[in-house]
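Asker: Got a structure for you, written out below as structure tokens; questions coming shortly.
The values are calculated or read from the model by the stated rules, or taken from the named source; none is laboratory data. Model, not experiment: these values are computed from the prediction. Quick reminder, even Gly has a Cβ in these numbers, built from the backbone with ideal geometry, and neighbours come from all protein chains shown.
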Amino acid sequence: MEEIIRVKSISQLHELMGAEKPAHPLISILDMAALDLGKKWVGIKVTSDLYTIGLKDKECGIEYGRNSYDFAEGAMFFTAPNQVVRSDEEQIAGEDCGWMLFFHPDLIRNTPLGKNIEHYHFFSYDVHEALHLSAAEQKTIIECRDLIQSEITQRIDHHSRKVIVSSLELILNFCTRFYERQFNTRSTASNDIMSQFESLLKDYYTSGKFAENGIPSIEYFAGQVHLSQSYLSDLLKKETGYAAKDHINNFIVEKAKTLLLSETDSISEIAYQLGFNYPHYFSRLFKLRTGFSPQEYRLSSNKN
């Protein structure tokens with residue numbers, strides 16, 4: 001099995017990267033231009049217990065999961081604990097390659113950010129779904145980063161954690177805004193993905209795959225359109241107001257309404273046609289979406 005190096009702490013990260021001892025035990029910002037990692041990290045897979053926020057301000061190859069990406073100027077990426085990354089290019093000191101902010105989950109534990117960190121879906125985006133910043137946006141992010149850097153390098157007091165975490169949350173909220181802008185400015189590509197998704201969903205049904213393979217997963221559609229699950233779901237929600245799972249469930253309910261108008265198929269048979277192994281799961285979804293059980297809907301429709 002291929003070796004994967006695991007980084008468990010900020011201090012271990014600094015040691016592995018040949019950086020000075022960290023000023024704070026739970027958060028660090030590293031200037032990549034100051035590091036000379038040579039060839040020893042090329043092709044090495046690394047996972048960690050840390051969150052990462054990075055900004056690459058020149059082309060700098062990195063691989064995340066099975067996807068590779070050459071970062072253009074002003075591109076940000078994010079990783080969460082337990083994700084695997086790998087660099088495909090040698091990092092040489094003096095090259096202007098951006099910065100990376102690392103923080104341990106203990107930093108935000110029992111804070112509002114700790115409770116809401118899962119809502120920042122871009123920590124689950126693939127590298128090729130990086131956030132591309134304008135010059136003004138990049139300036140905003142760097143100003144927030146500098147607030148954190150200043151706080152880290154000062155004497156730590158009982159206000160430090162609150163200030164650092166608030167600044168982190170500010171960065172993430174700005175990135176949420178900037179990603180929405182990115183969805184908007186790439187509306188043609190977004191509409192194309194929307195069309196692909198709807199076509200794939202219809203084809204899955206007409207080919208009998210609902211009955212054969214069960215309800216399709218978000219992972220299935222994401223793989224078909226070459227996006228991560230989180231990015232696809234966020235893109236769909238931005239364009240239509242519904243996440244990918246909601247689109248799938250809405251499609252199922254609409255098909256169910258048509259099938260329920262038939263007198264020949266039982267509720268159980270319709271449930272199996274729509275990918276449910278257990279009819280009561282189908283009935284629960286249908287009532288949740290329509291306010292009627294399948295049988296109540298069938299009877300009320302027949303009366304009309």
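Asker: Go through segment 45-81 and report how many residues are surrounded by fewer than 18 Cβ atoms within 10 Å (Cβ to Cβ), modelled with pLDDT under 90 and part of a loop (DSSP other than H, G, I, E, B).
Answerer: Number satisfying all stated conditions: 6.
Asker: If a residue must be acidic (Asp, Glu) and touching a Ser or Thr at 6+ places or on another chain (Cβ under 7 Å), how many such residues does segment 150-177 contain?
Answerer: Residues meeting the conditions: 1.
Asker: Quick one: which residue in Ile171, Ile164, Ile156 is under 24 Å from Ser233 (Cα atoms) and either surrounded by 12 or more Cβ atoms within 10 Å (Cβ to Cβ) or assigned by TED's automatic domain parsing to the domain that holds Pro25 (or both)?
Answerer: Of Ile171, Ile164, Ile156, the one residue that is under 24 Å from Ser233 (Cα atoms) and either surrounded by 12 or more Cβ atoms within 10 Å (Cβ to Cβ) or assigned by TED's automatic domain parsing to the domain that holds Pro25 (or both) is Ile171.
Asker: Farther than 28 Å from Met194 by Cβ, surrounded by fewer than 20 Cβ atoms within 10 Å (Cβ to Cβ) and of a type in the set (Ser, Thr, Tyr) - does that describe any residue in segment 247-265?
Answerer: There is at least one residue in segment 247-265 that is farther than 28 Å from Met194 by Cβ, surrounded by fewer than 20 Cβ atoms within 10 Å (Cβ to Cβ) and of a type in the set (Ser, Thr, Tyr).
Asker: Right, Ala130: among the small types (Gly, Ala, Ser), touching a strand residue (DSSP E or B) at 6+ places or on another chain (Cβ under 7 Å) and either within 20 Å of Leu55 (Cβ to Cβ) or not assigned by TED's automatic domain parsing to the domain that holds Gly54 (or both) or not?
Answerer: yes
Asker: Moving on. Give just the number: which of (1) surrounded by 15 or more Cβ atoms within 10 Å (Cβ to Cβ); (2) at positive phi; (3) not polar (S, T, N, Q) does Ile215 not satisfy?
Answerer: (2)
Asker: Here are the criteria: (1) touching a residue at least 12 places away in the same chain (Cβ under 8 Å); (2) more than 30 Å from the chain's Cα centre (by Cα). Tell me which single one Ile252 does not satisfy.
Answerer: (2)
Asker: Could you grab me the full set of residues in segment 126-169 that are part of a loop (DSSP other than H, G, I, E, B) and free of Cβ contacts under 8 Å to residues at least 12 places away in the same chain?
Answerer: Selection gives Gln154, Arg155, Asp157, His158, His159.
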